[in-house]
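Scroll down for the structure; my scribbles are underneath it.
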Amino acid sequence: MEVLHLDLIQEEKGELSPLRLRLMVRGYPSDSRGYVSLTPDCETMEGFEKAVGNLKKSMDSILERARTAFQQYQTEIEGETGLADFHSSEEIWKTLEECSSIEEMRECFNALSLTKRQEVADFVFTQLNIFKGAASIFSQHYNEMEYVLE
């Protein structure tokens, strides 16, 4: 179960309202005192350390996605030219395919607008072989609920 969730609140494209972010928590059932557990019950210290480590990784990932979202928003406001200015999903994919790491691919992809991310994902899943190369990496890391690479 994914415990932490980054909630991006963005108005429709063209409206100049600020991007808003919030961190949401989906916990295990609360106890009688109203506390919500962020980890499953752990019977060993190693298990607890692993659960806390996973929370730390989630927090780092969320910070990275939030940073990317703010950078994308700032780029759109300032009118800078970026990856999103390519005209087709195929052109965007070619740029993503040339990324040297999943981190670089994630940063470039997640900086796209929601619509562009959906279009590129649709291109990858309908036009490419997702069992090899960069498309395989993309398909393994794509979060279809949030339309981002994790």
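Please treat every number below as a calculation from the coordinates, not as lab data. These figures come from a predicted structure and were not determined experimentally. Don't worry about glycine lacking a Cβ; one is built from the backbone with ideal geometry, like all the others, and counts go over all protein chains shown.
Look at the dipole of segment 82-150 built from charges on Cβ: of Thr115, Trp93, Thr126, the Cα furthest out on the positive end belongs to Thr126. Among Cys42, Cys108, Cys99, sorting on how many other beta-carbon atoms sit within 10 Å of each Cβ, with the fewest leading, yields Cys42, Cys99, Cys108. With respect to the chain, whose longest principal axis is taken over its alpha-carbon atoms, helix 114-127 is tilted by about 80°.
Put simply, the chain fits an ellipsoid with semi-axes of 32, 21, 13 Å; these come from the alpha carbon gyration tensor as the roots of five times its eigenvalues, largest first. Net charge dipole, segment 82-150: roughly 140 debye, given to the nearest 20, about the Cα centre with Cβ charges of +1 for Lys and Arg and -1 for Asp and Glu. Relative to the first principal axis of the alpha-carbon coordinates of the chain, what is the inclination of helix 45-78, with its axis defined by its Cα atoms, in degrees from 0 to 90 and to the nearest 10? The helix 45-78 is inclined about 30 degrees to the chain. Multiplying the residue separation of Lys94 and Thr39 by 0.36 nm and removing their Cα-Cα distance gives an extension gain of 15.8 nm. For the chain, a Gaussian network of Cα nodes joined below 10 Å ranks Arg22, Arg67, Arg33 by mean-square fluctuation, and the top entry is Arg33. For Lys94, a cut-off of 16 angstrom between C-alpha atoms picks up these lysines, skipping any fewer than 8 places away in its own chain: Lys116, Lys132. Positive-end ranking of His141, Thr39, Ser58 along the dipole of the chain, with charges on Cβ about the Cα centre, is headed by Thr39. Distance between the pseudo-spin-label points of Ser32 and Met59 (7 Å out from Cα toward the beta carbon): 3.1 nm.
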